[in-house]
Every structure is written in structure tokens, then in C-alpha cells.
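**Student:** The structure's right below; bear with me while I get my questions together.
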Amino acid sequence: MITKFHVAHLKCCPLLWLSLLVALATGKAPAQSDYTPTHENRRARQEFQDAKFGMFIHWGVYSLLGEGEWVFHERKLTVDEYNRLPVFFNPQKFEAQAWVALAKAAGMKYITITSRHHDGFAMFDSKVSDWNIVQRTPYARDPLKMLADECHRQGIKLFFYYSQLDWHNPDYYPRGTSGWDNGRPQSGNWNRYLDEYMNGQLRELLSNYGPIGGIWFDGMWDKPDADWHLAKTYALIHQLQPAALIIPNHHQTPKPGEDVQTFERDLPGQNTAGFNTKYVSSDLPLESSDTINESWGFNIGDSKYKSPAELVRRLVRAAGNNSNLLLNIGPMPNGEIQQEFVSRLREVGQWLSKYGDSVYGTRGGPFPPGDWGVTTQKGNKVYVHVLNWTAPLLALPPIPAKVIAANSMLDAARLEFSQNPDGLILKVPATISAEPDRVIVLTLQRTDQKP
Ligand code: FHN
């Protein structure tokens, strides 16, 4: 639809012309092409970047089967068979207070939880359909409401993961690359699915849980060429809560209306996982999501846990790449979080309690990241994170600022260094085996001071 806004801006904005032509040629609504983030949204983006570390939670009725969140698709269960699952879901050990306290003990500053995954099962009180935790399970309560209240109480932001892909609703039709083997009719109303079902649930999530951090979308990759009515959905979200960030995990370059670019199991610009785009936005906040073992949803047979030191290094590498780390846990079906996750998160939290200044509130530093490590920066402090370097000297390329001091963050000891037009040579402190990261603080001469 061509709006008054479009008519008024066509003369001055060639990009708008382009997006309208694409819309007319393809019959698809462009993403929110007239989107200008509000002041609150811009502030929320900065707070998001400052936060650096978030807890990802994959929890749903699939957790009962202990085989991860793709079990519906992977075991080729029919919808009728999967419908039997919710009657066993009764997470009596779920305590919102304990989950939020664990996130805080880990040094995490926000939580992103699956409000519904690809099975379409709403883990919240939804009036749009009865395929939800309140109506289909003996638990009959809304854990997202409890979590939202607790997050507000403990001062931590809550984001809702929302799967646009749905293996349960017949209106998710035509099907994409997954969920085709589960006995649904070969017909459905795509527009009704998006405009009534999905947007109806999003409206609930943005209206009934107080201020939320944003919506983390997943699943568009299932039908990359479909018209997802993004303009409508994104406008709805920004209209209901202007500060709420839209974080789409579609594995493509960011589209208008989106507030954060996220990368799955990869740092920005990398594509070892095989589905991320190499494009990295220079103006949107960045986030990288990862797992503690190798699963998102509870997987009883997955014991491939990363060590606490490895988790610290992943967080630090994310920060050095100007990105947040969203680290996942898959709680058990009874609502408890397994000890292997709890102990690791607490250790990361202990490291952050000493070294947090080199992570929170920083941006990627002036030296390019390398196999040796990364740098972060806040004001006139540059934090050199030596992650994989055994030699006593480290040579870094030139930067347009004078280094006036170098200190070990562990004990504030002064470190020798020399700087010339070819770069900076630092004497790195000896490795202490227990330290996952040797952090050196460089003090730069402030540019607003005379040399
Ligand atoms: O299919 C999902 C998967 O189950 C999980 O939710 C991850 C989290 O980033 N995202 C999808 C794959 O891109």
C-alpha cells in the first residue's frame, strides 16, 4: 500500500523508490522501509550493546522427550501424536526467581526465552489458540508471566524468542523445508496464519508482560522466498513498544525495521555453522548465540559441555568482535536447570566479577581480532585480551593514538611496551594456567588533552 508518507518522501529518497518498485514488481510488502527508530529504541540499542552477555533459554513441551527442540520433525511425529505431549508437562520445580538469579550470578544482563518454538506451542497464556501451556498442560500457569515479573523485580531485561515457523498450525502453508511429514492437510491460509495467528500472539506478548526488551525471531529461513508480511509485523511491534528491539535470526542481511543483527553459533562475519551471512552491519548492534553443550533444547544424551574457560573465551571473542554473546541453556522438563549448566555459568560469573570492566559497556577495540586474541575499548582504555599466545612479546599493528601505560588487569602490574609508527610491542604477563584470558589494560592519551 502506498501511504502519504511514501508520497511525501519519494522525491528525496531513491531507496524508497527502489523498495516501492520491488514491492510492486514482486507483490510483496517490503520490510518496514519507512522505519526511523525512536529515541527510546536508539537508547535501547545502546543498552543492549553495553549489556554484552545474555541468557538464551529453550524450553517447551519438547523438553519432556530429552532429545532437543527438533524432536517433532526429526522423529517424524504426526500432529496427533505430538498433541499427546503437553498432558505430561508439569514443571513443578520451575522457579522464576532462581532462573533470574542464576542469570545474574553468571553476569548475564538479559534473558531471551522461547515463547514458542517451531512446534508452535505457546509457553504463555494465549487467547489466539488453545495450543498453549495454560490450556493444554496440567501445570495450567503462565511461566513467561512469572519470569517477566521476576525480571522486572530483579532489573534484568526479558526478550521473547518467537518462531515464525510452525510445524503444528495447518495454516503454515505452503510448507517450507521442514515439518512436512506430520499429517497436516495439504492446504492452509498463509495470510490468516501471519496476520491473525502470529500477529495476534505478538500483540499478546507485547501487551501483557510489561516493557519487554524485544522479539527474537527465528524460522524465516524455512521459507526464505515467502512474503512474511514483515512490514506489518515490524510496525505492530514498534507501535506497541517503540523501544522493543527486533532481532531476526533469518541468516540474511538486515532488513529495514530490524534493530539488531544476530549470528548463530558464529561470530559476526564468520560462517563455520554454514548458514550465517558474511555481511556484518556497521550500524546495528551485533549478537552471536551459542550453546553450552551442543544442544538448544534439553538433550539428555548430550554431555559435550564446553569448559568454563572456553565459555569465557567465547564471550570475550564476541565482545572483541563488537558483539554480544547470547549463551543458551535448555532447562529440564521439571523446570530445573541441570547442574552442568549451573556450575559453568557461576564460574563465568566469577570471572566477570573480576574482569567485567573489560567486557561490559565496551565496543570492539582498535586492533583487529586475531587467533591470538581480541581487544575491547571503553573511553581511553583499551583491553587487550590475550587468549591464545604463548610467546613473551605480542606485536600489534599501528593505531592512531598514543599509548601512555600498559598494566596487567590481574594485579595492576606495569608492563613494558614500545610504540612506533610500525605498531605496538607488548610484553605479556606469563600464563597462569587457571586464567582463561590474560587482560592487559592500555591507557591511551586522551585526544582532548594536549600531548
Ligand atoms: O531451528 C532453530 C534451533 O532450534 C534453535 O532455536 C536456534 C537458535 O538460534 N535457531 C534455529 C536454527 O537457526
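**Student:** Please state which one of S353, S358 is closer than 23 Å to P429 by Cα and open to solvent by less than 70 Å² (accessible area, probe 1.4 Å).
**Tutor:** Sole residue among the options that is closer than 23 Å to P429 by Cα and open to solvent by less than 70 Å² (accessible area, probe 1.4 Å): S358.
**Student:** Then there is this: Among (1) of a type in the set (V, I, T); (2) open to solvent by 10 Å² or more (accessible area, probe 1.4 Å); (3) modelled with pLDDT of 95 or more, there is one condition T277 misses while meeting the rest; what is its number?
**Tutor:** With (1) of a type in the set (V, I, T); (2) open to solvent by 10 Å² or more (accessible area, probe 1.4 Å); (3) modelled with pLDDT of 95 or more applied to T277, the lone miss is (3).
The rows are residues; the columns are (1) within 16 Å of the ligand (Cβ to nearest atom); (2) in contact with a Phe, Trp or Tyr (Cβ under 7 Å, 6 or more places away or on another chain); (3) within 25 Å of W228 (Cβ to Cβ); (4) not in a loop (DSSP other than H, G, I, E, B).
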| position | (1), (2), (3), (4) |
| --- | --- |
| L284 | no, no, yes, no |
| N324 | yes, yes, yes, yes |
| L345 | no, no, no, yes |
| Y355 | no, no, no, yes |
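**Student:** Inside the stretch 286-305, can you point out the residues that are part of a loop (DSSP other than H, G, I, E, B) and within 16 Å of the ligand (Cβ to nearest atom)?
**Tutor:** Result: I292, N293, E294, S295, W296, G297, F298, D302.
**Student:** Here is a follow-up. Please work out if A122 is away from the ligand (no atom under 16 Å from the Cβ) and of a type in the set (G, A, S).
**Tutor:** no
**Student:** Could you list, ordered by first residue, the pairs with Cβ atoms under 8 Å in which the first is in the stretch 35-60 and at positive phi and touching a residue at least 40 places away in the same chain (Cβ under 8 Å) and the second is of a type in the set (A, V, I, L, M, F, W, C) and part of a helix (DSSP H, G or I), at least 6 apart or interchain?
**Tutor:** Partner pairs satisfying both residue conditions: K52/L315; K52/A318; K52/A319.
**Student:** Test L85 against the criterion of being touching a residue at least 40 places away in the same chain (Cβ under 8 Å), among the aliphatic types (A, V, I, L, M) and over 20 Å from G214 (Cβ atoms), and give yes or no.
**Tutor:** So L85 fails the test.
**Student:** Follow-up question, since we're still on this one. Can we say D171 is modelled with pLDDT under 95 and open to solvent by 10 Å² or more (accessible area, probe 1.4 Å)?
**Tutor:** No, not satisfied.
**Student:** Would you be able to tell me the number of residues in the stretch 362-390 that are more than 18 Å from N322 (Cβ to Cβ) and either free of Cβ contacts under 8 Å to residues at least 12 places away in the same chain or in contact with a Phe, Trp or Tyr (Cβ under 8 Å, 6 or more places away or on another chain) (or both)?
**Tutor:** 3
**Student:** Kindly indicate whether D125 is surrounded by fewer than 23 Cβ atoms within 10 Å (Cβ to Cβ) and part of a helix (DSSP H, G or I).
**Tutor:** Answer is no for this residue.
The values are calculated or read from the model by the stated rules, or taken from the named source; none is laboratory data. The structure displayed is predicted, hence computed values, not measured ones. Neighbour counts run over all protein chains shown; Cβ positions are idealised from the backbone, glycine included. What goes into the accessible areas is simple: the full protein's heavy atoms, side chains included, and nothing from ligands, DNA or RNA. Shrake-Rupley method; radii C 1.70, N 1.55, O 1.52, S 1.80 Å.
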